[in-house]
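One structure is given below, encoded as C-alpha cells.
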C-alpha cells in the first residue's frame, strides 16, 4: 500500500488549516461584495424612471419591504450571548450606510 499524505508530510494538515480570523475576513468581504452589487445593480433597476412615478403609501411600503428583505439576506442574523436574532430595521439601515430607497424618490427637490 502507498503511504498516506499524513505519513509522508506530517505538517501538511496544519498547512491547509484556515485560521478563524481569515474565515471572518472572507465572510465580511463577501457581505461587502453583496452590498455593493445591490447598490450598483439592483437599486438602480428598482428606481429606473422613478422621476415619472406617482408613489402611493402602499408602493412606498412595498419598496421599503423589498429593500429590507434583500438587506436581511445580505447581512444575515446577528449573534448576541450565544443566541441568534434577526436584525431590526434600524440596524439594517445602519449597517448599509445608505438612505432608505424611498427617501430619494419622495424628495422632489423643491
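The values are calculated or read from the model by the stated rules, or taken from the named source; none is laboratory data. What you see is a predicted model, and the numbers here were worked out from it, not measured in a lab. Cβ atoms come from the backbone with ideal geometry, glycine included; neighbour counts cover every protein chain shown.
Some notes on this structure:
- Positions within segment 36-60 being free of Cβ contacts under 8 Å to residues at least 12 places away in the same chain, within 18 Å of residue 100 (Cβ to Cβ) and surrounded by 12 or more Cβ atoms within 10 Å (Cβ to Cβ), in sequence order: 59
- Only one of the numbered conditions (1) outside any strand (DSSP E or B); (2) more than 13 Å from the chain's Cα centre (by Cα) is violated by residue 79, and that is (1).
- Looking only at residues of segment 55-76 that are more than 23 Å from residue 33 (Cα to Cα) and at pLDDT 85 or above, we find that the one that is farthest from the chain's Cα centre (by Cα) is 56.
- Per-region count, segment 70-110, residues under 17 Å from residue 42 (Cβ atoms) and surrounded by 11 or more Cβ atoms within 10 Å (Cβ to Cβ): 16
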